[in-house]
Amino acid sequence: MDVLIVEGGRRLVGRVRVEGAKNAALPACVASLLTDESILVHRVPQLRDVSTILFTLGALGKRVVRNGGSVVISEDGPLTAEASPYSVRKMRASFLVLGPLVGRLGRAVVPLPGGCSIGARPVDLHLQGLRALGAHVEESAAAVTVSADRLRGARVEFSFPSVGATEQLLMTGTLAAGVTEIVNAAVEPEVLDLIELLRAMGAEIEVEGRTIRVTEAKLHGTEHTLIPDRIEAGTLLLAGVATRGAVTAVDVRPDHLEPFLAALRGMGVEITVAGGDVTASAPGGTRGIDIKTAPHPGFPTDLHPQTAAALCGAVGTSRVIETVFEGRFTYVEGMRAMGAQMAIDGRTATITGVSALRGAAVEAPDIRAGAALVLGALAAQGSSVLSGLDQIERGYEGLADKLGSLGAQIERREA
Ligand code: UD1
């Protein structure tokens, strides 16, 4: 297994292009199940998670053709109603195929995704939504079997604005008779991007605050370009901030980044926005702040670990409160090995800035914690060895090359 060798302590400066959003790509690919016509998706990142969803769709009977950043998903034979346990266990987003399959085939069997390193991540809200549409849901220890002769639109109120459950119900709602109303829906940019795609496929969808109304429609094929990845953009900007440099994320959506950019400004980082380019510059270092993650438009939980890593070198004390995933603190052990001062109490990390981190051998526990450790290694004095790259590569395309182009001394080597 390869490792990353990072020689830290260099300022990162320059411009870097951001890929299409992973978390928009996954539901966009699943939406292909809603029609027997072809959909063509552009700016699809070349990531393990995307390969996993395409594999899942292929195993269900879809035909997938990938050409660089473009993917065509079409159908030239019958679909099967049973999803592969391999892909759902590997990646939770595969669970999204459930509702679309039931809507198309009247029945679906999908393995339960189970917990993962960032938290328990149950699927009760997904199932609540499908039951409300009239589906019969049977859960066993390993899988969920859902059937419905005819799905019927209904009003579903979520106790929490879950991204996945909102996407599940949005897609399923297009195949349910009448109107499906989702109350307390997630409105993350990736959810709104899925809505754009569904509208381009012929869906009728209204969004009013956190209420989304979907009216049944016959969907057809289309072409769609994904939004840029705000989490990758944020991570690359933080690489500049953590190393007292200045990085420009090119061709992004500054409006999608706003809750995060507000936190950077609070840290004393200078932010410049020019069209779709965002520059974060911190030549004089940063100061500590308090952050609380929350569903969009709050501070994104997917940028918590990386921001916490940057705060390890800020002057003063910071607090990061996590309200979305209880298990987000998987980066702490690795950052402590680099000399970070962090205390965890329940869902709060208290970080006392240190004048310098030092290189260490660490392992990426999950995608975003792995990215946080890369940032720690870039800021640290001396060399670090990062293992667990398969986790980082689930979410970042060509990260080492991109950081290298900004001046990092980073190399991928066989362990
Ligand atoms: C998506 C993102 C993930 C991001 C998260 C929150 C994808 C592929 N992944 O994950 O990167 O961190 O949104 O922005 O888009 N919950 C329940 N019951 C459910 C569903 C969720 O209790 O049925 C809880 C989860 O355990 C978690 C919270 O709700 O505590 C948020 O989860 P959710 O918004 O569903 O995240 P995902 O869609 O899994």
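To the nearest 20 Debye, how big is the dipole of the chain about its Cα centre, given +1 on the beta carbon of each Lys and Arg and -1 on that of each Asp and Glu?
Dipole magnitude for the chain comes out near 640 debye.
Hey, what's the range 22-225 come to in accessible area per residue, 1.4 Å probe, Å²?
38
Taking amide H positions as placed in the peptide plane 1.01 Å from N, state which residues far from residue 222 in sequence (5 or more) or on other chains have amide H under 5 Å from it.
Here 39, 40 satisfy the definition.
Carbon and sulfur atoms: what percent of the 1.4 Å accessible area of the chain do they account for?
Result for the chain: 48 percent of the exposed heavy-atom area is carbon or sulfur.
Which of 272, 174, 354 sits farthest toward the positive end of the charge dipole of the chain, with +1 on the Cβ of Lys and Arg and -1 on the Cβ of Asp and Glu?
So the residue furthest toward the plus end is 354.
Would you grab the residues whose amide H sits under 5 Å from the one on residue 243? Only those 5+ places off in sequence or on another chain, please, with H modelled 1.01 Å from N.
Under 5 Å from the amide H of residue 243: 12.
Given Cβ point charges of +1 (Lys, Arg) and -1 (Asp, Glu) and nothing else, what value in debye, to the nearest 20, does the dipole of the range 1-131 about its Cα centre take?
420
Each residue of the range 187-200 in order: what ³J(HN,Hα) in whole Hz does its phi give by Karplus 6.51 cos²θ - 1.76 cosθ + 1.60, θ = phi - 60°, with x for Gly and Pro?
Karplus values, whole Hz, x for Gly and Pro: 10, 4, x, 5, 5, 5, 5, 4, 4, 4, 5, 4, 4, 5.
Evaluate E = 1/(1 + (r/R0)^6) for residue 149 and residue 255, where r is the Cβ-Cβ distance and R0 equals 35 Å; express this FRET efficiency to the nearest 0.05.
Calculated transfer efficiency: 0.25.
Could you tell me how many degrees, from 0 to 90 and to the nearest 10, lie between the Cα long axis of helix 254-266 and the main elongation axis, the longest principal axis, of the Cα atoms of the chain?
30
Go ahead and estimate [θ] at 222 nm for the chain from helices alone: -39,500 (n - 2.57) per DSSP H run with n ≥ 4, summed, over the residue count, rounded to 500.
Rounded to the nearest 500, it is -9000 deg cm²/dmol.
Taking the C-alpha atoms of the chain, how large are the radius of gyration and the largest Cα-Cα span, Dmax, in Å?
Expressed in Å, the Cα Rg and Dmax of the chain come to 21.3, 64.
Name the residue, out of 318, 405, 140, whose mean-square fluctuation peaks in a Gaussian network model built on the chain with Cα pairs under 10 Å.
140
Quick one: dipole size for the range 22-225, taken about the Cα centre, charges +1 on Lys/Arg Cβ and -1 on Asp/Glu Cβ, in debye to the nearest 20.
460
Among 219, 175, 194, which one shows the biggest mean-square fluctuation in a GNM of the chain, springs joining Cα atoms closer than 10 Å?
Of 219, 175, 194, the most mobile in the Gaussian network model is 219.
Rank 251, 124 by accessible area, highest first, at a 1.4 Å probe radius?
Largest accessible area first, the list is 124, 251.
So how compact is the range 166-302: Cα radius of gyration and Dmax in angstrom?
Expressed in Å, the Cα Rg and Dmax of the range 166-302 come to 18.1, 59.
If you plug each phi of the range 270-284 into the Karplus form 6.51 cos²θ - 1.76 cosθ + 1.60 with θ = phi - 60°, what whole-Hz ³J(HN,Hα) values come out, in order, with x for Gly and Pro?
With coefficients 6.51, -1.76 and 1.60, one gets 8, 10, 10, 10, 9, x, x, 9, 10, 10, 10, 10, 9, x, x Hz.
How big is D for the range 279-415, in µm² s⁻¹ as a whole number, if Stokes-Einstein is applied with the Kirkwood radius of its Cα pairs at 10 °C and 1.306 mPa s?
This corresponds to a translational diffusion coefficient of 105 µm²/s.
Once you've got the GNM for the chain with C-alpha springs shorter than 10 Å, pick whichever of 41, 315, 252 has the biggest mean-square fluctuation.
Judging by the Gaussian network model, the answer is 315.
Per-residue HN-Hα couplings for the range 63-73, Karplus 6.51 cos²θ - 1.76 cosθ + 1.60 at θ = phi - 60°, whole Hz, x for Gly and Pro?
Residue by residue, the range 63-73 yields 9, 10, 10, 10, 9, x, x, 10, 10, 10, 10 Hz.
Excluding residues on the same chain fewer than 8 positions from residue 90, give the lysines whose Cα lies under 28 Å from its Cα.
Straight-line reach from residue 90, under 28 Å: 22, 62, 402.
Taking amide H atoms as placed 1.01 Å from N in the peptide plane, list the residues 5 or more away in sequence, or in a different chain, whose amide H sits under 5 Å from that of residue 62.
Here nothing satisfies the definition.
Taking N as the number of residues in the range 1-81, what is its Cα Rg relative to 2.2 N^0.38 Å?
Ratio of Rg to 2.2 N^0.38 Å for the range 1-81: 1.43.
Report, please, the projected area of the range 22-225 averaged over directions, based on the convex hull of its C-alpha atoms, in nm².
9.8
With the dipole of the range 22-225 worked out from charges on the C-beta (+1 for Lys and Arg, -1 for Asp and Glu) around the Cα centre, which of 143, 41, 195 lies farthest toward the positive end?
143
The values are calculated or read from the model by the stated rules, or taken from the named source; none is laboratory data. Keep in mind it's a predicted model, so treat the numbers as computed, not measured. Every residue, glycine as well, gets a Cβ built from its backbone with ideal geometry; the counts of neighbours run over all protein chains shown. Remember, those area values only see protein heavy atoms, side chains included, never the ligands or the DNA or RNA. Shrake-Rupley method; radii C 1.70, N 1.55, O 1.52, S 1.80 Å.
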